[in-house]
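**Q** The following block contains the structure, expressed as C-alpha cells.
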Amino acid sequence: MRSLGNLRVVDAATLFAGPMAATYLADFGADVIKIEHPLRGDPARGHGPTKDGIGLWWKMLARNKRTMTLDLSRPQGQEVALKMLAETDVLVENFRPGTLERWNLSPERLLEENPRLIIARVTGFGQKGPMAHRPGFGTLAEAMSGFAAMTGEPEGPPTLPPLALADGIAALAVAYAIMVAVHSREQTGRGQIIDLAIIEPILTVLGPQVTAFHATGAVPQRTGNRSSSNAPRNTYRTRDGRWLAISTSAQSIAERVMRLVGREDLVDEPWFASGRTRFEHADELDEAVGTWIAARDADEVVAEFEKAQAAIAPIYDVRDIATDPQYEALGTVVHLPDEELGSVAVHNVPFRMSDTPGEIRWAGRSKGHDNDEVLESLGYGADDRATLRDAGVI
C-alpha cells in the first residue's frame, strides 16, 4: 500500500525547498507532476555534479516524479494549468509573491475552481513584509537565522554551510504543513494556502536562542566544534590520522568518557555536574580526551568507547558512507536503473514505516518525459499536443 497514493501533487517550484517537499510526498506514493519551463527547465538540473552532462542533483531531487514542461506565463499554458489543478490535491510553488496573480492563476481563482486544493507557497521571505519581493535562497536564510553567526571558530568569520541546509530544513517543514492541511481537509472539506518563508524553519531548529535572548539578553557565540551546552564535545585526531567526534550531552556519558581516559578526578569537580559549567572548562577536558585519543589508533578508540558505552563516531566523507555497515543495514542507499545513465544511486526514504513504507521507484527523469501522458489524461489529443508543442507552450 502506498499511503499517499490517492494524492495528486503539482510541483511547480524550482531548485530545492519546494521540490524536495514534493519529493517526500512522491516517496510515499503521491502522483507528483513536476512542471518545468519548456526551454529553461528547473535550474536544479544544472546544479552540482554531473555525469555525461546529466545533473546528479536532479536524479535525487526529482525521483518518483512525472516530468512535464509548461510555460505558465502564456495563456495557453495557464489554460492547461487550470485544467490540471482542477483535479489536483496540492500545488507547490515558489515564485516571487505576485507572480501567480500576474499569470491569472491567483490562489483565490484556483480555490474558486477547486475548493479542495492545498497551495503551498514557498519563498525566501514569505508573502508579506518589507523583504517579501526580494529573491531569496537558503544561503540568505542561513545568514539571517543566526546559523552563520554561531558557526565557525571563535576568532574566525561567520561560516555558511557548503550545502542547501536551510532549503532542506524548509522542505521537511513544507511536507509536514501539507500533511496537516490534508488532515484538516478531511474534516472541513476545504483546502487552504500555506505561506512558508525559508528564513523561519531553520530559526526553529537552532534551538531557544530567541527565548534566551528575550529572557537574559544572551547572544550565541561561535565555539568551533565545541558546544556551549556540554563538554567534552569536539573532533579529535587519532594516532593513525583519522578523525573522531564525541558528544557528552548526557551527564552519565561525560562521566564515562573521563573515566575511560583516566581522568576520573575531574568527575569529582563541582563544575563537572552540568554541561554548561563543563563547557567553561572545555580546554582542560579537551586536553585530557585529545591526548588519550592521539596515542591510539581509531579502531582501538572506537572499541574502547563502545565498551565503556560512551558516544563516539568516525568523521566520514562519502567514500566511508558508501561502505559503512550501519548505512547498509538501514538500506540508506538504493541503486536504480535509469534511462539516461544506465543506473544511479540515490538516498532512500529517510525513515522506515512498518505498514506503509516509502519507496524510490525511479530517479529524476528527462525534461518533458511525461508530457503526452499527462496531457492526454486532461483530454488533449495528439493534434492539440502538437499545437501546444509548436507554440512553445510545452
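The values are calculated or read from the model by the stated rules, or taken from the named source; none is laboratory data. Owing to the predicted nature of the structure, the values given are computational and were not obtained by experimental measurement. Cβ placement follows ideal geometry from the backbone for every residue including glycine, while neighbour counts extend to all protein chains displayed. Surface areas here come from the heavy atoms of the whole protein model, side chains and all, with no ligands, DNA or RNA. Shrake-Rupley method; radii C 1.70, N 1.55, O 1.52, S 1.80 Å.
**Q** So if I check each of Ala295, Ala273, Ala231, Ala254, which one is at pLDDT 95 or above, among the small types (Gly, Ala, Ser) and farther than 29 Å from Pro208 by Cα? Don't jump to the end; show me each part of the working.
**A** Values: Ala273 fails: farther than 29 Å from Pro208 by Cα; Ala231 fails: farther than 29 Å from Pro208 by Cα; Ala254 fails: farther than 29 Å from Pro208 by Cα.
Result: Ala295 is the single residue among Ala295, Ala273, Ala231, Ala254 that is at pLDDT 95 or above, among the small types (Gly, Ala, Ser) and farther than 29 Å from Pro208 by Cα.
**Q** Evaluate the following for Leu105: is it out of contact with any strand residue (DSSP E or B) (no Cβ under 7 Å at 6 or more places or on another chain), buried (at least 16 other Cβ atoms within 10 Å of the Cβ), touching a residue at least 40 places away in the same chain (Cβ under 8 Å) and closer than 19 Å to Thr88 by Cβ?
**A** No, not satisfied.
**Q** Could you list, in sequence order, the residues of the stretch 42-62 that are open to solvent by less than 10 Å² (accessible area, probe 1.4 Å) and either of a type outside the set (Phe, Trp, Tyr) or more than 21 Å from the chain's Cα centre (by Cα) (or both)?
**A** Across the stretch 42-62, the qualifying residues are Asp42, Ala44, Gly55, Lys59, Leu61, Ala62.
**Q** Further question: In the stretch 1-23, which residues are part of a helix (DSSP H, G or I) and open to solvent by 10 Å² or more (accessible area, probe 1.4 Å)?
**A** Start the filter on the stretch 1-23 by keeping residues that are part of a helix (DSSP H, G or I), which leaves 17-23.
Listed by number, the list holds a single entry, Met20.
**Q** Restricting the search to the stretch 332-377, which residues are in contact with an Asp or Glu (Cβ under 8 Å, 6 or more places away or on another chain) and aliphatic (A, V, I, L, M)?
**A** Within the stretch 332-377, Leu341, Val344, Val349, Ile360, Ala363, Leu375 qualify.
**Q** If you don't mind, another one. Cβ-Cβ below 6 Å, separation at least six or inter-chain, first residue in the stretch 208-231 and under 25 Å from Ala245 (Cβ atoms), second of a type in the set (D, E, K, R) and surrounded by fewer than 15 Cβ atoms within 10 Å (Cβ to Cβ): which pairs?
**A** Going by the 6 Å Cβ cut-off, the qualifying pairs are Gly224/Glu153.
**Q** Go over the candidates Gly129, Gly168, Gly124, Gly77 one by one and state the one that is small (Gly, Ala, Ser) and under 30 Å from Gly381 (Cα atoms). Spell out how you get there, then give the answer.
**A** Values: Gly129 fails: under 30 Å from Gly381 (Cα atoms); Gly168 fails: under 30 Å from Gly381 (Cα atoms); Gly124 fails: under 30 Å from Gly381 (Cα atoms).
Only one candidate passes the filter, namely Gly77.
**Q** Given (1) surrounded by 16 or more Cβ atoms within 10 Å (Cβ to Cβ); (2) farther than 20 Å from Leu378 by Cα; (3) not hydrophobic (A, V, I, L, M, F, W, C), where does Lys65 come up short, assuming only one miss?
**A** Against the list (1) surrounded by 16 or more Cβ atoms within 10 Å (Cβ to Cβ); (2) farther than 20 Å from Leu378 by Cα; (3) not hydrophobic (A, V, I, L, M, F, W, C), Lys65 comes up short only on (2).
**Q** In the stretch 209-222, how many are within 25 Å of the chain's Cα centre (by Cα) and either acidic (Asp, Glu) or within 21 Å of Asp283 (Cβ to Cβ) (or both)?
**A** Selection size over the stretch 209-222: 2.
**Q** Out of curiosity, is Val318 open to solvent by 70 Å² or more (accessible area, probe 1.4 Å), of a type outside the set (S, T, N, Q), within 26 Å of Thr159 (Cα to Cα) and touching a helix residue (DSSP H, G or I) at 6+ places or on another chain (Cβ under 7 Å)?
**A** No; evaluated as a whole, the condition is false for this residue.
**Q** Condition (residue is loosely packed, with under 13 Cβ neighbours inside 10 Å, outside any strand (DSSP E or B) and of a type in the set (A, V, I, L, M, F, W, C)) applied to the stretch 359-372: is it met by at least one residue?
**A** Scanning the stretch 359-372 turns up no residue that is loosely packed, with under 13 Cβ neighbours inside 10 Å, outside any strand (DSSP E or B) and of a type in the set (A, V, I, L, M, F, W, C).
**Q** Shifting gears a bit: Residues that are among the aliphatic types (A, V, I, L, M), at least 2 per element: which helices (runs of 4 or more DSSP H) completely within the stretch 37-145 meet that?
**A** On the way: elements: 56-61, 75-85, 99-102, 107-113, 138-144.
Answer list for the stretch 37-145: 56-61, 75-85, 107-113, 138-144.
**Q** Within the stretch 146-179, restricting attention to residues that are in a helix (DSSP H, G or I) and β-branched (Val, Ile, Thr), which residue is most open to solvent (accessible area, probe 1.4 Å)?
**A** That would be Ile169.
**Q** Only one of these is closer than 18 Å to His369 by Cα, buried (at least 19 other Cβ atoms within 10 Å of the Cβ) and within 22 Å of the chain's Cα centre (by Cα): Glu93, Glu36. Name it.
**A** It is Glu36.
**Q** Somewhere in the stretch 292-305, is a residue without any contact (Cβ under 8 Å) to a residue 24 or more places away in the chain, surrounded by 15 or more Cβ atoms within 10 Å (Cβ to Cβ) and among the aromatic types (Phe, Trp, Tyr)?
**A** no
**Q** Please tell me if Ala26 is of a type outside the set (Lys, Arg), free of Cβ contacts under 8 Å to residues at least 60 places away in the same chain and open to solvent by less than 40 Å² (accessible area, probe 1.4 Å).
**A** So Ala26 passes the test.
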